[in-house]
Structures are given as C-alpha cells and as structure tokens.
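Here's the structure we're looking at; comments come further down.
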Amino acid sequence: MALEDIGSEYELKIVDLRQGAQKADDYRRLNPMMKVLTLADGETVVTETGAIILHLVDNPAASDLIPQRGDPRRAACIKWLFFVGSNLASAMRERFQGWTPNPCYNGWGDFDRVRDVMSAALTPGPWLLGEQFTVADIYLAADLRIARMGDLIAADLAPFADYLHRIKSRSAFIRTHEIDARVAARSDGASGTFCSVSPGIRRIDQTSNDTYVSSRGESGFVLFVPTVSNFLSELVEWLHRARYVPHRTGGAGSSLRRPGS
C-alpha cells in the first residue's frame, strides 16, 4: 500500500512460497533470510518491512507520508515503525502460539500491554499522529488486519474497528486490494505479465526461479511479494493450528513451520 500512496512506478514479482521459490539461489542473494517482502530499488536491495517502508518515503514524492526532519512528530512516526515490527509482531506470535508471557523477560511485555498501548495512541484519532496519515499507519494496519482475522482483536473493538474502517476507505487501500485480487487470479500456476488496474504499476510477474533479478536496474521499484491467493487466510489458519500443534525440534525448545517453509 505504501507504493500506491506514493504513486511511484513499480512492478510486483510473485514469490511462490508453496513451491519453495524463496529458497532459490537468485532470491537468496537478494534476501538471505528467504522472506518476503523484498524491495529492489535499482542496485539497492532492502529487506525487513519497516526498513522498506522507511526507504520508500525517503524521497520528496512521499513527503506527506512522514513528518519532515525537524518536526518532533518524525521521531514518533519512526518509533511506530519499530514498534510494529518488534512489539506487535512478537506479541501476536505469543498469543497465536499460546505462550505463557513473561513481561519481565519479553521485550514487548505481553499482548494485552501492546494492545493497550495501541488503543491509547489510536483513541484520539483519526491516525497514529493525529490528522496526518503516515507510513506508520500503513504498517500498523497491515498487522492489525492479521490480528483481527486471527481473532486476537474483536471485529467491533474500539478504537481498532473504526481505525481499520478508515484505512479500508482510502483510495490506496482500495487499489491495493484490487491488485491483490488480480494477482490472486493469476497466481495459481499461471505465468507471464499483465497490466494492473493501478496507474503506478508497470507489470506483475509470476517468474521462474532464475529470473528474480531480471528487472533490477530499470526505472521504478521492484517489490517481491508472496503468492497472494488466500495467503492471509492460510497464514491465520496455520497460526491457529500452531497454538495446539507445536513442531518439536528436539531438546527443550520447539519451533513452528511457517507456510511454505
């Protein structure tokens, strides 16, 4: 959604997690962690969602999506980018996987603490920083949608329900949703390129494993995304199963296999 808000030219490359495409050598050279999302900006490759978002708004075209240097709200915006990745994501894993939280040991405390902090920040409205919609809202809303789909946050719980409704009413979200639908329609074995409904996007590719870096160096951004078809619903279903069926790796610890891993 950040690319749609900025209005930059970009293309999507679909990484088929079901087929293990994230493990291909070419993709691992871009992202050794074998995760999505990954952004290619010419010869610059950026991984980790918060870093990708911050990189995208570090240009004049996106000046309205982050307070400018010297504005005290800029620090708050960047704080929320880190908060989502380090606190909210961890707290969601805690709740999905059924851990018994240890607020003295866990850096995020526990899920209830994280939820209450977000609630206090969102209650004044309409956005995290008040009247200005920023990239922090883009990142937060993405994870909140997963939390709500996974029943971690009730659909009618204030202030989250109204906040997500405002997010879904934004034109960039609507365009992103339309793009997701078109990708989903072509991501079940189809290949090739096609034009999207978005005025900013150049093409969407479902590429073979040896063509991941073919577009680097062209104008605009290349964003590597997971197979979109049912991805969120599959993720949430897996997380629910993970509450009850941990994958033991031996010893005292346990880990959980993610979809496509």
Long-range amide H partners of T38 with built H, under 5 Å
F224
How many nm is it between the label spots at E9 and S63, if each spot is 7 Å from the Cα in line with the beta carbon?
2.3
Which of the chymotrypsin sites (Phe, Trp or Tyr not before Pro) found in segment 108-183 are loop residues per DSSP with 13 or fewer other Cβ atoms within 10 Å of their Cβ?
none
For S169 and T47, what is the calculated FRET efficiency with R₀ set at 41 Å and r taken between the beta-carbons, to the nearest 0.05?
0.85
Enumerate the calculated ³J(HN,Hα) couplings along segment 94-106 in order (Karplus 6.51 cos²θ - 1.76 cosθ + 1.60, θ = phi - 60°), each rounded to whole Hz, writing x wherever the residue is Gly or Pro.
4, 6, 5, 8, x, 5, 8, x, 10, x, 7, 9, 6
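What's the exposure ranking of T47, T123, T134, going from fewest to most Cβ atoms within 10 Å?
Least crowded to most crowded, the residues run T123, T47, T134.
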Once label points are set 7 Å from the Cα along Cα→Cβ at both N106 and R74, what is their separation, rounded to one decimal in nm?
3.4
Enumerate the amide H contacts of V45 below 5 Å, restricted to partners 5 or more residues apart or on another chain; note that Pro and chain-start residues carry no placed amide H.
none
Backbone HN-Hα couplings from phi across segment 159-167 [Karplus 6.51/-1.76/1.60, Hz, Gly and Pro as x]
x, 5, 4, 5, 4, 5, 5, 5, 4
What list do you get for V15, V36 if you sort them by fewest beta carbons within 10 Å?
V36, V15
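Mind sorting I78, I53 by how few other Cβ atoms lie within 10 Å of their own Cβ, fewest first?
I78, I53
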For Q97 and R29, what is the calculated FRET efficiency with R₀ set at 41 Å and r taken between the beta-carbons, to the nearest 0.05?
0.85
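Every read-out reported here was derived from the displayed coordinates using simple, explicitly stated rules and does not represent laboratory data. What you are looking at is a predicted structure, and each value in this text was computed from that prediction instead of being measured. A quick note on method: Cβ atoms are made from the backbone with ideal geometry, for glycine too, and the neighbour counts reach across all protein chains shown.
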